[in-house]
Amino acid sequence: MTELMVQTEGLTKRYGRGDHSRLAVDGVSMTVRRGEVYGFLGPNGAGKTTTLRMMLGLVRPTAGSVSVLGRPAGRPDVTARVGALVEGPGFYPYLSGRDNLLVMARYRGLGEAAVADALERVDLASRGADRFKSYSLGMKQRLGVASALMGDPELIVLDEPTNGLDPAGMADMRALIVALARAGQTVLLSSHLLAEVQEICDRVGVIADGRLLRESTVADLRGHASLRLRAEPLDRALAVASRVAGDDAVRLEQDRLALDLPAAAAPELVRQLVADQVDVLELAVVERTLEEVFFEMTNHPIPETEEAVR
């Protein structure tokens, strides 16, 4: 049985009282398994950060429960095994990046080697002696991730770790997260970059208006692939496609056919079309992106640029 690193049951947080209260998190039940990269997704104000703060013991739940590493969240013995970056890094501006990490390392009982290793892993070793206030937004974010990595924690919670990074920096961060999971560490990742999440996450949880809408693998959320066919003559292509896929699995979309068939069925479809003297002009595998699924689930319109691509 897979070990659960994080488990919440009916986790709820309400701020304020009476008519002026606000329900930030509403009955969230989710699980994060050992060794996986878990993507925690939601629009701004959905309750992501509040949920993460409750997992880290920084905010007390109004109702429900949260356990981390099999123990109540926030206990000192649990916190020592967790690294986190939530809502951007906070460091002393007049200290260097290395000295900031040294302060944290001493507080956590770690040596200078842990600091050097963390700076190296986020590609800040050459700038470790520079003052934090001189860092760019991306460098500050890297230092925050470095602080979360010190001591090789079993669970790493990262809230928007690629914020402020350039494309090369985002690629490096993506590779780092994958490497952490391969080494046996567990990463709980909150991000707005859904293409990144689609590429590196094993499972995701989607939250909106404080409620967890869905928790599943990325593949299950995206659904199965389908085929789009453009061929002539169209009526004969429709007859062949219906014979191969079944009448209920074929739809006419303007001058194309949409077939509810997996990509593996494409070679047989082409053979049947050619045998019936149908000219295959175009055959493409179509998959929904995680971004499209996210917009559908959270009732947000798909941006025009995305619609133009589809």
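The values are calculated or read from the model by the stated rules, or taken from the named source; none is laboratory data. No experiment lies behind these values; they were computed from the predicted model shown. Here Cβ is always computed from backbone atoms with ideal geometry, including for glycine, and neighbour counts include all displayed protein chains.
Which residues, counting only those in the range 211-248, are part of a helix (DSSP H, G or I), more than 19 Å from GLN272 (Cα to Cα) and without any contact (Cβ under 8 Å) to a residue 40 or more places away in the chain? Listed by number, the residues that qualify are ALA219, ASP220.
Looking at the range 17-32, which of its residues are part of a strand (DSSP E or B) and either outside the structural domain of ALA63 (by TED's automatic domain parsing) or farther than 19 Å from ARG203 by Cβ (or both)?
Scanning the range 17-32 gives ARG22, LEU23, ALA24, VAL25, ASP26, GLY27.
Only a single item in (1) under 17 Å from VAL187 (Cα atoms); (2) in contact (Cβ under 8 Å) with a residue 60 or more places away in the chain; (3) crowded, with 22+ Cβ neighbours inside 10 Å is not met by LEU56, and it is number (3). Within the set THR62, THR50, the sole residue that is more than 18 Å from ALA148 (Cβ to Cβ), buried (at least 17 other Cβ atoms within 10 Å of the Cβ) and among the hydroxyl-bearing types (Ser, Thr, Tyr) turns out to be THR50.
Kindly state which helices (runs of 4 or more DSSP H) lie completely within the range 54-166 and contain at least 2 residues that are β-branched (Val, Ile, Thr).
Numbers: elements: 76-79, 97-107, 112-121, 137-149.
In the range 54-166, 76-79 are the helices (runs of 4 or more DSSP H) which contain 2 or more residues that are β-branched (Val, Ile, Thr).
For the range 33-47, a residue qualifies if it is small (Gly, Ala, Ser) and buried (at least 22 other Cβ atoms within 10 Å of the Cβ), and the qualifying residues are GLY39, GLY42, ALA46, GLY47. Looking at VAL197, VAL204 in this structure, which one is of a type in the set (Val, Ile, Thr), modelled with pLDDT of 90 or more, out of contact with any Asp or Glu (no Cβ under 6 Å at 6 or more places or on another chain) and outside any loop (DSSP other than H, G, I, E, B)? The unique qualifying residue is VAL204. Restrict the check to the range 215-232 and report whether at least one residue is acidic (Asp, Glu) and closer than 18 Å to GLU292 by Cβ. Yes, the range 215-232 has at least one match.
Across the range 70-88, the number of residues qualifying as in contact (Cβ under 8 Å) with a residue 40 or more places away in the chain and surrounded by 19 or more Cβ atoms within 10 Å (Cβ to Cβ) comes to 5. Looking at the range 249-310, the helices (runs of 4 or more DSSP H) lying wholly inside it that each contain 2 or more residues that are surrounded by 12 or more Cβ atoms within 10 Å (Cβ to Cβ) and modelled with pLDDT under 85 sit at 290-297.
Each row is one residue, and each column tells you yes or no for (1) crowded, with 17+ Cβ neighbours inside 10 Å; (2) more than 20 Å from ALA118 (Cα to Cα).
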| position | (1), (2) |
| --- | --- |
| VAL157 | yes, no |
| ALA171 | no, no |
| ARG182 | no, no |
| SER191 | yes, yes |
| VAL204 | yes, yes |
| PRO233 | no, yes |
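Can you find even one residue in the range 43-55 that is at positive phi and in contact with a strand residue (DSSP E or B) (Cβ under 8 Å, 6 or more places away or on another chain)? Within the range 43-55, one or more residues are at positive phi and in contact with a strand residue (DSSP E or B) (Cβ under 8 Å, 6 or more places away or on another chain).
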